[in-house]
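A.B. asks: One structure, as structure tokens, below. Some questions next.
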Number of protein chains: 2
Amino acid sequence: MKLREVGEDKLLDQILPRLPLGKTVVAGAGDDCAVIEIFAGRNFLVLKTDCIVEGVHFLSGADPVDVGWKAMMRPLSDFAATSALPHFALITLIASKQTEVEWVRKLYRGLRRAAKRFDVSIVGGETSSSPGLIVISVSVAGFVEKDRWVSRRGGKVGDDLFVTGQLGGAIKQKHLRFIPRIAESRWLTKHFSIQAMMDLSDGLGIDLPRLARASKVGFKIEMENLPLAPGAKIGDAISEGEDYELLFAISPSQSKRLQRAWKRKFSKLPLTRIGQLRQTSNPPEDGFAAANIKDQTLPGGYVHFQQPS
Amino acid sequence: MKLREVGEDKLLDQILPRLPLGKTVVAGAGDDCAVIEIFAGRNFLVLKTDCIVEGVHFLSGADPVDVGWKAMMRPLSDFAATSALPHFALITLIASKQTEVEWVRKLYRGLRRAAKRFDVSIVGGETSSSPGLIVISVSVAGFVEKDRWVSRRGGKVGDDLFVTGQLGGAIKQKHLRFIPRIAESRWLTKHFSIQAMMDLSDGLGIDLPRLARASKVGFKIEMENLPLAPGAKIGDAISEGEDYELLFAISPSQSKRLQRAWKRKFSKLPLTRIGQLRQTSNPPEDGFAAANIKDQTLPGGYVHFQQPS
């Protein structure tokens, strides 16, 4: 059986729970970041590694400064999902000996710029030569307060679901230049009790079921409320991916206050209630993607996007 | 200009010193691991990321259990070089959709076995699909006492140079099954004052000049003393690489006591004095590799392997 016949999520679901975890690991595989208690009474250590591959996450002709920016910002977006602050990054570049030195310099310029934007120190870097495609892998370490880290797992039935920004259309430009929602996420956990959170990298249609599954709940999305990027259709908002916006669940008792306070604090960035978490008879497998994704192509009107019960 | 015309070391030497480093970073790019003071009075955080590439670090037909073992053990060998203890690992697998699921399972079996050997928890893992070659990247976090971490930078003129184990011949089998010298390294820094240390991954002929350059000293190797693996020639010991043994510098005043104590503690693993650090008029560029590597092909007798002054 080939990888394409299983899907990453399912394979790793099978393999990773068997991995040995120490007692101090409070979040491991399956969450956006690993979160670990290293010294009693101190902030938790947060770790994340992510890579981008030529032809998959960026085109060969893309500006290497943009490529470096994206390579750094992707794991930082996972820090946003965890409400953690990134501090240190290690970079691995896998490139062929034919790669132009100038390309590598520009790549590092983008990596440096992105790191500087969030006060991250690049503490190591190395290159490995390969006859294949270019790969840039970035590992990030940082910290989060014990009472402020957020996982995908804490969503409760009845929670309101919110997304930041606008969805869809990222593939044209934004995916190379996005700014992880770290400031927004830190503000959220400072002032509100966020039950579950993640960043939207694969698209709402794939990512929301992951959050629901991790929280062992179902969901219902009001399609007419999805905040669409200019020119984007509902289908784009659901399935394109690379939005790098925050998706989070919060008790409805806090929703009103959140919406008022958000408008004052982040007047330029929309915050939209898109639906809520609800009960599910069976933990969803990949219900959203399989059963509902076709609904979004229904012409006109709106569809209550929900998972089969 | 292409990457092959510059060489990794030189390119990164140029790029990396410009990277912003926080005040708390005690070792960054250019050392085996990044070493960071995160909480005053506590052990230092140690970070390392490393990758292996199909066709470069392992052949396509290699046993995936061995490949997993090697992918985990390579960064752990850098922990040995730093005398640090690894605790947590994150894994990134880049593979094509054509990859057999069974291959991935076996890969993870090797990764798990290797992690377990050193009490490392695998706290995250993900796969990314690529039409290219298989890449496995492993990031490791751990700790080291403030008074026990070792870098490449502390070597002093007159220090004796030692290597553990035997050099050469690793390419046949050992490179897939080696055991990082963490236990030996921890013992060394517990009982002795180790001035500078690194692990031999690219071969003595490339790695020793790196240590010398980082320490701003020269070196002199007594070729007749190099501990050769069975069947290996002096040239293999110098240039083959993938030995994953420790190379370290220690004050000659401690050498005798070290050799006696080592024999009692690690009776099965040779420890060999191979030369010493000495003055250099100019910081070496890549003297060993460029100027001396040809010496090892001299027939018979021995050559005092030293860098041009």
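A.B. asks: With θ set to phi - 60°, apply the Karplus curve 6.51 cos²θ - 1.76 cosθ + 1.60 along the range B:147-162 and write out the HN-Hα couplings as whole Hz, x wherever there is a Gly or Pro.
C.D. replies: 9, 10, 6, 10, 10, 7, 8, x, x, 10, 4, x, 4, 7, 9, 10
A.B. asks: Also: Once the label point is placed 7 Å from Cα along Cβ, list for B:Ser60 the distances to the corresponding points in the other copies, in nm, shortest first.
C.D. replies: 1.9
A.B. asks: A further question follows. Work out from phi, with θ = phi - 60° and the Karplus expression 6.51 cos²θ - 1.76 cosθ + 1.60, the ³J(HN,Hα) of each residue of the range B:183-198, listed in order in whole Hz, and give x for Gly and Pro.
C.D. replies: Those phi angles translate into 4, 5, 5, 5, 5, 4, 7, 6, 10, 9, 9, 8, 7, 8, 8, 7 Hz.
A.B. asks: If amide hydrogens are placed 1.01 Å from N in the peptide plane, which non-local residues have theirs closer than 5 Å to the one on A:Phe219?
C.D. replies: Close amide H contacts, sequence-distant or interchain: A:Arg278, A:Gln307.
A.B. asks: Another one. For the range B:37-173, what does the equivalent ellipsoid look like in terms of its semi-axes, each the square root of 5 times an eigenvalue of the Cα gyration tensor, given largest first in whole Å?
C.D. replies: 30, 20, 12
A.B. asks: Any idea how many Lys pairs in the range A:40-136 come in under 22 angstrom at the alpha carbon, given 8 or more places apart or on separate chains?
C.D. replies: 6
A.B. asks: What are the ³J(HN,Hα) couplings of the range A:247-255, residue after residue, when phi is run through the Karplus curve with 6.51, -1.76, 1.60 and θ = phi - 60°? Round to Hz, x for glycine and proline.
C.D. replies: 10, 9, 10, 9, 4, x, 5, 9, 4
A.B. asks: Looking at A:Gly241, A:Ser130, A:Pro270, which one has the Cα that reaches farthest to the positive end of the dipole of the range A:119-278 (charges on Cβ: Lys, Arg +1; Asp, Glu -1)?
C.D. replies: Sorting the options by dipole projection puts first A:Pro270.
A.B. asks: For the pair A and B, how large is the buried accessible area, both sides, in square angstrom to the nearest 100, if the probe is 1.4 Å?
C.D. replies: Between A and B, the summed buried area is about 6200 Å².
A.B. asks: Taking beta carbons within 10 Å but only from partner chains, what does the mean come to for residues A:117-123?
C.D. replies: Partner-chain Cβ atoms within 10 Å, mean over residues of A:117-123: 6.
A.B. asks: Here's a follow-up. Taking the dipole about the Cα centre of the range A:140-199, with the C-beta of Lys and Arg at +1 and of Asp and Glu at -1, give me whichever of A:Thr189, A:Val150, A:Gly169 is farthest to the positive side.
C.D. replies: Farthest along the dipole direction, towards plus: A:Gly169.
A.B. asks: Still on this structure, I have one more. Restricting things to alpha carbons, find the Rg to Rh ratio for the range B:119-275 using the Kirkwood radius for Rh.
C.D. replies: Using Cα coordinates only, the ratio equals 1.00.
A.B. asks: Now, a different point. Amide H to amide H under 5 Å from B:Gly154: which residues, 5+ apart in sequence or cross-chain, H placed 1.01 Å off N in plane?
C.D. replies: Amide H neighbours of B:Gly154: B:Met197.
A.B. asks: Can you list the residues, at least 5 places off or on another chain, whose amide H is less than 5 Å from the amide H of A:Ser121, using H built in the peptide plane?
C.D. replies: HN-HN under 5 Å from A:Ser121: A:Phe88, A:Ala89.
A.B. asks: For A:Lys190, give me every one of the aspartates and glutamates with a C-alpha distance below 12 angstrom, ignoring sequence neighbours fewer than eight places off in its own chain.
C.D. replies: Straight-distance partners of A:Lys190: A:Glu145, A:Asp147.
A.B. asks: In nm, give the distance between the simple-model label positions of B:Asn225 and A:Ala261, each being 7 Å from the Cα along the Cα-to-Cβ direction.
C.D. replies: According to this spin-label approximation, the distance is 6.7 nm.
A.B. asks: Taking the alpha-carbon set of the range A:44-107, what are its Rg and Dmax in Å?
C.D. replies: 13.2, 42
A.B. asks: First compute the accessible area of the range A:29-116 with a 1.4 Å probe, then give the percent of it belonging to carbon and sulfur atoms.
C.D. replies: 49 percent
A.B. asks: What are the label-to-label distances in nm, one decimal and shortest first, from A:Ser253 to the same spot in the other copies, with labels 7 Å along Cα to Cβ?
C.D. replies: The projected label point of A:Ser253 is separated from its counterparts by 6.9 nm.
The values are calculated or read from the model by the stated rules, or taken from the named source; none is laboratory data. Here the structure is a predicted model, which means the values were calculated and not measured. When we count neighbours, we look across all protein chains shown, and the Cβ atoms used for this are built from the backbone with ideal geometry, even at glycine. All accessible areas refer to the heavy atoms of the entire protein, side chains included, with ligands and DNA or RNA removed. Shrake-Rupley method; radii C 1.70, N 1.55, O 1.52, S 1.80 Å.
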